[in-house]
Structure formats: C-alpha cells, structure tokens
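Notes to accompany the following structure.
The values are calculated or read from the model by the stated rules, or taken from the named source; none is laboratory data. All values derive from a computational prediction rather than experimental measurement. Methodologically, a virtual Cβ is constructed for each residue, glycine included, from the backbone with ideal geometry; neighbour enumeration extends over all protein chains shown. The area values use the complete protein model at the heavy-atom level, side chains included, leaving out ligands, DNA and RNA. Shrake-Rupley method; radii C 1.70, N 1.55, O 1.52, S 1.80 Å.
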Amino acid sequence: MTENKRNSESVDIPLFMRGEIVETTIVDISHQGKGIGKINGFPIFIDGGVIDDKVKIEITKVKKNFAFGKLMEVLEKSEFRIKPACEISQVCGGCDFMETRYDKQLEIKENFVKNSIMRIGGFAEGDFKFNSIVGLPKGDELYYRNKATLEISTGGNRLKKGGTIENLEEVKIGFKARGTHKVVHCDKCYIQHPVVSAVIKATKNFMDEDNISAWDEKWAQGLMRHMIVRVSESSKEVMVIFIINGKGIPNGEKLISIMDEAVYAEGYFLESVCVSTKKDKVKNGEIYGKKVEVYAGKPVIYDEMMGMKFEVSSRSFYQVNPKMTEKLYSKVKELVGATENDVILDLYCGVGSIGICCATSAKYILGIERVHDAIVDANRNAVINNLVNIRFLEGKAEEVLPMLAAGHGDSDLVKLVQNANTVILDPPRAGCEKSLIDSVLKVSPEKIVYVSCDPATLARDLKIFAENGYELVEVSPFDMFPWSVHVECIALIQRVK
C-alpha cells in the first residue's frame, strides 16, 4: 500500500478509499471514546487518539458523511497524552482514556454532559445551573472498582476432529478486545480492586493445572464462561460468581481453597462462591443462567456506606465506585431534601441504597425494582438498618407504577403513589421507558431527582419532562468511571407552579 501524499488544503471534498493513508489532528472525542479528526470538515473517527495529537491513520471504513480510521502512528504527541499505566490498554476495550491526562478526562466528560443536555435536550446554557464535574483526588482514580465481570475463554481457533477437540489454546481471563469478540487476558487491571487480579491468577492456575476447559465461542462449548468478582472495602468480604456451561466445577474444592488463599493474602476474606449454569448464547448482555446457587459460604456479602449497612447478593445492582458513590448519594440526598412530610418513590431502586440513605428524613419511601434478588436484599437492608418507613416492591417500574398510579392494586400502595411529592429515578443506560415517564407525569410530583449513567438518554428524558410542565433546575456530573468514556450525572427538575 503506497502512502497518499495529498494534503487537506488542496482537496475540496475528501473522497477517501479504504486502505488510504492520511494525516490529521485529533480535535475532539466522541461519546464512544473515539478521537475525531477532520479533513476539510469531513470527520474521521479514530480509536486511540488523544485531543491535539497529530496522527497518521489508515482509513478502514467510509460512509457518506464520515469515515473510520486506524491509528498507525502518533506524529506529534499532545500535551494531554500520558504513558498508560496498563500495558494492554491499546487492545483491551475497557479503558478509552488510559492515555489521556486525568484532568483532561474530566474536562471532556463535563463537556459530554453539558453538550448532550443542550443539543439533545434543547436547553440553553442559561436555563439551568450546571455544576463542575466531581472527580477523584490523585491516587483514588486507580483500582477503584468493587466489581469485575470477566470473560473466560480459549480465544477460539480450535479444531474439532472425530468428536474431540484439539489444539487447545491457553485459557484467557479478562475483557473483550476493542471492537472484537476475542478475549484479552488480564493478569492485572488498573481500575479493578487488587483482589480481582488475585482471583484471576488463582483461577487460571487452577484451570491450567486441572485441565478445566474454558468457553469457546466458535464451537459453543467448554465449561467456564464468565467470572464475576465483588469486593466490599468496608467489611473486607469477597464474592466470586462463576457462570458455567455444565452442572458443576470438577475438583471445585481445590479452586475454592486456592482462591481463599489468594484473597486472604490481599487482606480480604472469601465469604461467598456462587455458580450459575448457562448453556445458551448471551443475549442483551444477560450472562447469568436462570438460577444462581451458593457453591460455598454465604449468599451475600456486606457493605457499609453513608452510615448504613447493606447486603449485596450475586445479581444485585450496586454502584461500583465506593468513594464516588458517597459523593453521588450525598448530592442526591441534598437535592431530595426530604422532610417528615415527604413521600418518595424510588424507581429502579436496586438494593435500595439511595432510598435507604434518604429514609431517615422522609415520611415514607416506596422502591420498585425488577430483579428479584435485589428486592430481597433491599427489604433485608431496610430491616438491618431498623427502617420502618420504607418498602420495596418487585416488578418492572414501567409496569408497576402505571398500575398503582391508575388506582389498581393494594390500596395502601395506591395511596402512597398518589401522594408522592418526590420521585427518584435511577434507570439503566437506556433511560426511562415512555410509559414510566407518563406515569410519573400522572403522579405529578413536585420534584424529580434523576440519576443517569448516560447523558444522551438523560437529555432525551429531560426534554420530555420539560414539554410536560417541568423545568430543569440543576445538573451535576460525577466521574464514577475514571479512564473510561462513561460518566454519571444527577439532574433536578421541578414542576412549574
């Protein structure tokens, strides 16, 4: 392939060909973490770029209004480019910003949120209060995650002859490579808790020594598929969940013993080992089988946050960054501003952590969550914290709230919903279902505190509320996920009187 020497000044309309080599400067970062270079205004999305890098790239795909490029060489390094702590960051799909200075990451994410609210939501800059992003102090931006979801794989490319499997590749435990389904082995992850690395090494050694097969995507066979590790910093308890394609783990007692020693060496305690069997393909990101069974130890681990105690089970949603979660929830509690007269609806409540942190000031809180294990945890957490003014219901918020808002179901619950003056929303990345928003509008609370992990879907939903009698008051971004492109934010909206 010969290098194309044309420069952008001599070209009116860039007509790129796949495989063409061009030079550009990274001028922005997309919401997917890709660098954006432009030639005569024509955008090119590039993996691995840092703002102000001058780069040489190979065009990999061309569309009508944009193109994609592969980074070949950094010709002039940006002042914001740093040497990545992780040696596999360029291939692993987990950390988009590992080569970007932390203060620049915060600036990029703050702009993500502000631009989304204005561009998608249709709000003007002076319409609402926008707070600077809350980041982590130096040193806390690494090893912050208390939960890791890991792939276990052979990496594919195995040959099947006469019913046997040959050319077995080395077991890999880690994350999918950027833009592929191949697994990158990760002995040490710089954003995961150090206990995670210890469990990875122990599990890999066990599988290698005992010839335990890993999942092979190509042939759809192999025993070990996924591993989830949860760590509580407050109780020092650790939970490990294995997703397997079979009925059990051969010589599992040995695996537990090896993991126990590895975890203890880090100053923690292996309190729970669970197994879930899944034989079909992963759809919509659901890696668990129908049931999760306790293999050894307890079904839960314990954590403490904002003076409250929490049980966390295998499938429950629980925030992954403990230090930033306290900052986030403190802001939620401030915006909710609960008094003894307030009835609060906590929708998509998970294990009830937000509602429980607000319950000591409120008259009553009703939480709704679709994950059964999370609701069990939430009600147990209410009991553990001696709270009698909070209750959690199992079900999809999109289905339960419309029913209660319409006056159907338990009369006490109907009364709570109809008298609610505050709603807390903490939906998944896809945002709120339209039916849920319609039901919240029917309840017509005085204020809504919306916690979001996706600025785009947050902006979309805020626009709907603004078109139906609410005004946006305040938005606050939080860097819950350093080194990745993701950002958490809180919005306060109030009913127009």
Exercise for the section: Tabulate in residue order the Karplus-calculated ³J(HN,Hα) for the stretch 393-398, using 6.51 cos²θ - 1.76 cosθ + 1.60 with θ = phi - 60°, rounded to whole Hz; enter x for Gly and Pro. Expected result: 10, 8, x, 6, 4, 5
Handout entry: Of all accessible heavy-atom area on the chain, the percent that carbon and sulfur account for (1.4 Å)
Key = 49
Exercise for the section: Can you check how the C-alpha radius of gyration of the stretch 27-160 compares to 2.2 N^0.38 Å, as a plain ratio? Expected result: 1.26
Problem - Listed residue pairs exceeding 19 Å between alpha carbons, taken from LYS218/LYS283; LYS254/LYS279; LYS147/LYS298; LYS83/LYS104; LYS56/LYS77 - result: LYS254/LYS279
Practice task
Determine how large the accessible area of GLU23 is when every protein chain is in place; take a 1.4 Å probe and give Å² rounded to the nearest 10.
Solution key: 90
Practice task
Identify all lysines with a Cα-Cα distance to LYS64 below 17 Å; exclude those on the same chain that are fewer than 8 residues away in sequence.
Solution key: LYS38
Problem - Positive-end residue of HIS181, SER272, ASN379, charge dipole of the chain with Cβ unit charges - result: HIS181
Exercise for the section: Evaluate Rg over Rh across the stretch 93-251, taking Cα atoms for both radii and Kirkwood's formula for Rh. Expected result: 1.11
Practice task
In whole angstrom, note down how far apart the Cα centers of the stretch 287-336 and the stretch 17-62 are.
Solution key: 39
Practice task
Evaluate the relative contact order of the stretch 48-100 (contact order divided by residue number), counting alpha-carbon pairs under 8 angstrom at least 6 apart; express in whole percent.
Solution key: 35
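Only Cα pairs under 8 Å and at least 6 apart count here; give the relative contact order of the stretch 30-139 as a rounded whole percent.
RCO, the stretch 30-139: 18 percent.
Of HIS372, HIS193, which has the most accessible area with a 1.4 Å probe, and how do the rest follow in descending order?
So the residues, ranked largest to smallest area, are HIS372, HIS193.
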Handout entry: Relative contact order of the chain, defined on C-alpha pairs under 8 angstrom at six or more residues apart (%)
Key = 12
Problem - Where only alpha carbons of the chain are counted, the Rg and the Dmax (Å) - result: 24.6, 75
Handout entry: Rounded to the nearest 10 Å², the accessible area of LYS323 at probe 1.4 Å
Key = 120
Completion exercise
Computed, not fitted: 222 nm per-residue ellipticity of the chain from DSSP H runs ≥ 4 (each -39500 (n - 2.57)), nearest 500, equal to -7500 deg cm²/dmol
Exercise for the section: Treating only the Cβ atoms of Lys and Arg (+1) and Asp and Glu (-1) as charged, compute the dipole magnitude of the chain about its Cα centre; round to the nearest 20 debye. Expected result: 1100
Problem - Qualifying aspartates and glutamates (Cα of each under 12 Å from Cα of LYS182; at least 8 residues distant if same chain) - result: GLU151, ASP216, GLU217
Handout entry: Euclidean distance of C-alpha centroids, the stretch 431-497 and the stretch 348-415, integer Å
Key = 20
Exercise for the section: Would you mind getting the accessible area per residue of the chain, heavy atoms of the protein chains only, 1.4 Å probe, in Å²? Expected result: 46
